[in-house]
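Structure record follows, encoded as structure tokens.
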Amino acid sequence: MEDSILNSIKKSLGITPEYTQFDPEIIMHINSVFMFLQQIGVGPTNTYSIESDSETWTDFFSSANVKDVSAAKSLMFLKVKMLFDPPTIGSVNESYNKLIDELTWRCSIEGDNVNDGIDNMDSGNESDEPGIAALSYGFGHRVYK
């Protein structure tokens, strides 16, 4: 599995790591998505950025309190895809946007839980915590506020 952030996103976009023509544009989009991830509570408290193919997912996730690595990577790919090479077919575009919305919601909830020290949303201890109420968002998951 590719650990380089740039190369893994390029592979997901169908670009070989050796082809560097689009690297500056892809890096710009990756860094924009890192800012977005930080704003929704995923990643380190300071915005992470890359400059080349030398920065790795291990670097990012070791400097962050992230539990769901795969969801964060998927969100990164989808958002970069929509910035760099959006689909021309409306239904595919709409499908990508729905996936982005759901992953954004799930990652932001996970980011809130990790940053607030909540490790298990279904621990059964939610009533023991004063001031925490469980809210249902229709996905069968609970969010604590």
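The values are calculated or read from the model by the stated rules, or taken from the named source; none is laboratory data. Predicted model, so just to flag it, every value in this text is computed and none were measured. Backbone-built Cβ (ideal geometry, glycine too); neighbour counts: all protein chains shown.
Listed values, structure above:
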{"quantity": "Residues of segment 1-45 that turn out to be closer than 21 Å to SER70 by Cβ, in a helix (DSSP H, G or I) and among the hydrophobic types (A, V, I, L, M, F, W, C), as a count", "calculated": "10"}
{"quantity": "Matching residues in segment 100-124 - criterion: being at pLDDT 90 or above and closer than 20 Å to ILE5 by Cβ", "calculated": "ILE100, LEU103, THR104"}
{"quantity": "Condition met for PHE60 (at pLDDT below 90, among the aromatic types (Phe, Trp, Tyr) and within 24 Å of ASP3 (Cβ to Cβ))", "calculated": "yes"}
{"quantity": "Out of SER70, SER127, sole residue that is surrounded by fewer than 16 Cβ atoms within 10 Å (Cβ to Cβ), at pLDDT below 90, more than 19 Å from the chain's Cα centre (by Cα) and not in a loop (DSSP other than H, G, I, E, B)", "calculated": "SER127"}
